[in-house]
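> The structure that follows is given in the form of structure tokens.
The values are calculated or read from the model by the stated rules, or taken from the named source; none is laboratory data. These numbers come from a predicted model, not from an experiment. Here Cβ is always computed from backbone atoms with ideal geometry, including for glycine, and neighbour counts include all displayed protein chains.
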Amino acid sequence: MGETIRIGIMPMEQYKKRTLDIAGGRYSPGKNETKVWFPSIESALQVLSSRNQELLRVIVEKKPDSLTSLADMTGRSKSNLSRTLRTMERYGLLDIVREKSRIVPLPKATRFNIDIQINAIEDQGR
């Protein structure tokens, strides 16, 4: 898996407008357009902190088959991991697959590019 996810930074008000424009049929995102958006560079850097990058590396390389095995591999508590994984899933960085009573994290990419646009709505090719 060598896929790259392009991450965009867009203030929440602009993101809401974009979402409403898409839902209302006033805007159609392009195939290669950014799909993962954070409201600020600070929030993106928090989710992609060095500690969380290491977590993603462990998931990619060791392929844990449960939250318990991931906790054992990383030394992090299951509750901390659960919160972190849910946040990463909410932003589209990984999928959480529930198999019977197990939670299995599946990363969507191994690389992240951050795209910062000052006027994100206007720069979408309108």
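> Would you mind telling me which numbered condition in (1) modelled with pLDDT under 90; (2) closer than 17 Å to ILE9 by Cβ LYS100 fails?
It fails just one condition, (2).
> Please identify the pairs in which a residue from segment 25-39 that is closer than 12 Å to ARG6 by Cβ has its Cβ atom under 6 Å from the Cβ atom of a residue that is of a type outside the set (Lys, Arg) and in a loop (DSSP other than H, G, I, E, B), counting only partners at least 6 apart or on another chain.
Qualifying pairs under 6 Å: VAL36/TYR91; VAL36/GLY92; TRP37/MET10.
> Can you report the number of residues in segment 17-48 which are surrounded by fewer than 16 Cβ atoms within 10 Å (Cβ to Cβ) and not in a helix (DSSP H, G or I)?
12
> Further question on the same structure: Could you check segment 79-98 and list, in sequence order, the residues that are in contact with a strand residue (DSSP E or B) (Cβ under 9 Å, 6 or more places away or on another chain), more than 21 Å from THR34 (Cβ to Cβ) and assigned to a helix (DSSP H, G or I)? I'd like the intermediate steps shown before the answer.
Residues of segment 79-98 in contact with a strand residue (DSSP E or B) (Cβ under 9 Å, 6 or more places away or on another chain): 81-82, 85-86, 88-89, 91-98.
Then drop every residue that is not more than 21 Å from THR34 (Cβ to Cβ), which leaves 81-82, 85-86, 96-98.
Selection gives LEU81, SER82, LEU85, ARG86.
> What are the pairs with Cβ atoms under 6 angstrom where one residue, in segment 49-74, is more than 17 Å from TYR91 (Cβ to Cβ) and the other, located anywhere, is among the aromatic types (Phe, Trp, Tyr)? Sequence gap at least six, or different chains.
Listed by first residue and then by second, the contacts come to nothing, as the list is empty.
> Identify, by number, the condition in (1) within 18 Å of the chain's Cα centre (by Cα); (2) surrounded by 14 or more Cβ atoms within 10 Å (Cβ to Cβ) that ARG76 doesn't meet.
(1)
> Could you check segment 63-92 and list, in sequence order, the residues that are of a type in the set (Ser, Thr, Tyr) and farther than 16 Å from ARG51 by Cα? Explain how you work it out, then say what you get.
Residues of segment 63-92 of a type in the set (Ser, Thr, Tyr): 66, 68-69, 74, 77, 79, 82, 84, 87, 91.
Hits for segment 63-92 are SER66, THR68, SER69, TYR91.
> Pick out the one residue from LEU85, LEU93, LEU70 that is under 14 Å from the mean Cα position of the chain (by Cα) and at pLDDT 95 or above.
Working: LEU93 fails: at pLDDT 95 or above; LEU70 fails: under 14 Å from the mean Cα position of the chain (by Cα).
Going through LEU85, LEU93, LEU70 in turn, just one is under 14 Å from the mean Cα position of the chain (by Cα) and at pLDDT 95 or above: LEU85.
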